[in-house]
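Nothing in this text is a laboratory measurement; each read-out follows from the coordinates by a stated rule. Note that the structure is a prediction, hence the values are computed from the model and not measured. Cβ placement follows ideal geometry from the backbone for every residue including glycine, while neighbour counts extend to all protein chains displayed.
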Amino acid sequence: MPEPIRCGRIEYLNDIPLYAAFDEGVMTFPGELISGVPSRLNAETIRGNLDMGPISAAHFARHSNELTVIDGPCIGARDYAWSVLLISPQPPHLLDGAEIAVTRESASGRGLLQILLERRYGVRAAFVSTEDPLYAAQMHQPALLIGDKALNARARFDPSIVYDLSHLWHEWTEADMVFAVWVVRNEAYKRQPKAIDDAIEALGAAQAWGEDNMSKVVARAQAVQPRSLEFYEKYYSVLNFKFDLAARSGLARFIAELDAVGLTPGVFRNTEITRVAS
C-alpha cells in the first residue's frame, strides 16, 4: 500500500489563506500536512522526507533539477511584504563591514538581504546566524527578521529603522518578490503521480476557498495571534499568493540576482519554470 503524500506547510501566519480550508474542516487534504519553519521545510524536502509543499525561492534555485514548481500558490509581494524586515539603526547603504544578525529560518530572506546590500547599495556585511534576531535588534544591532517575529518587530520599533526588504527590492527592480514557491519532488511524482495530482488539486481548491472566505481566514489568524482590527485584512492584501506571470518574472529576476552574488553554485540549470497540471 503506498504511503500518504507528505506535504509541508509554513508555520507562520502567512500561510493561513492557503491552508485555512483544511484547518476549518471544509475539505480534507489527501495526505499528511507537516508544519515547519521555511529552513526546516527546505531541508526535509531535499532529503526526501517531504514529497511536496513550499520551499524558499533561493533553495529552489539551488535544487531545481530535483523539483518541479506547482502552478498555483506562492508567497510573495508586489511591493511591501511586512514580514521580511531589516531592523537597523543605520540605513542599508551605511552597513559596509557591519555585522548583521540573521535568522536561520529563511534562505530567501537572507539571499534578498545580501543581494540588496551588494547589488543595490554596493556594500558587504558579515552575516551572523542567531536563534533570536529580535533580541539582537533590541540591542541596537542590525538584524534580519522574517515571518511572525517580523510582524511583531514592525509594531515595536521606530519606523525610521525598519526596512521592508520586499519594498527595497521593488524600488530597485520594479519586480515582484517571491519568497516561496510550491514544488513537487520529481521522484515522488514518478512514484505516485495520481496521489500527487489529487494533492495538487486539493491545494488549489483550498486556495480558492481562502480567497472566497477571507473573513474566516482572518478570524482564524486572529485566533492564533490577536492583533488590531483590520490588521490581517491589510496584511493578506499586501501579500501575493498567486504564482502568476508577474510573480514568475520576479522569481526569474531574483534567481539571476542570487547567481550574481554567488548564491547559486555553478551555472543555474532549469531556468524555465515548468508546470505540473492538475
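One table, with the values for the structure above:
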| item | result |
| --- | --- |
| 222 nm mean residue ellipticity, helices alone, for the chain (DSSP H n ≥ 4; -39,500 (n - 2.57); rounded to 500) | -12500 deg cm²/dmol |
| Cα-centre dipole for the stretch 84-173 with unit charges at Cβ (Lys and Arg positive, Asp and Glu negative), debye to 20 | 120 |
| Surrounding net charge for HIS170, when Lys and Arg each add one and Asp and Glu each subtract one, Cβ distance under 12 Å | -2 |
| Charge dipole (debye, nearest 20) of the stretch 42-94; +1 at Cβ of Lys and Arg, -1 at Cβ of Asp and Glu | 160 |
| Exposure proxy order (Cβ contacts within 10 Å, fewest to most) of SER108, SER88 | SER88, SER108 |
| Share of alpha-carbon pairs per 10 Å distance bin for the chain, given as whole % | 7, 30, 36, 21, 6, 0 |
| Pairs of alpha carbons in the stretch 70-135 whose separation is greater than 14 Å (percent) | 63 |
| Ranking of ASP15, ASP51, ASP197 by count of other Cβ atoms within 10 Å, fewest first | ASP197, ASP15, ASP51 |
| Note, ³J(HN,Hα) from phi for the stretch 54-68, Karplus 6.51, -1.76, 1.60, rounded to Hz, x at Gly and Pro | x, 9, 4, 4, 5, 6, 4, 4, 7, 10, 5, 6, 9, 10, 10 |
| Net +/- balance of residues flanking LYS190 in space, Cβ distance below 13 Å, scoring K and R +1, D and E -1 | -1 |
| The stretch 84-173: antiparallel DSSP beta bridges as a percent of all, rounded to 5 | 50 |
| Cα-based Lys proximity count in the chain, under 24 Å, for pairs eight or more positions apart or on separate chains | 7 |
| Student exercise, the chain dipole from Lys, Arg, Asp, Glu Cβ charges, in Debye to nearest 20 | 360 |
| Gyration tensor over alpha-carbon atoms, the stretch 45-93, equivalent ellipsoid semi-axes in Å | 29, 14, 10 |
| Residue among GLY48, GLY210, GLY109 with the largest mean-square fluctuation in a Gaussian network model of the chain, springs linking Cα atoms under 10 Å | GLY48 |
| 11 Å beta-carbon shell around ALA221, net charge (K/R +1, D/E -1) | -1 |
| Cα-derived Rg to Rh of the stretch 84-173, Kirkwood definition | 0.91 |
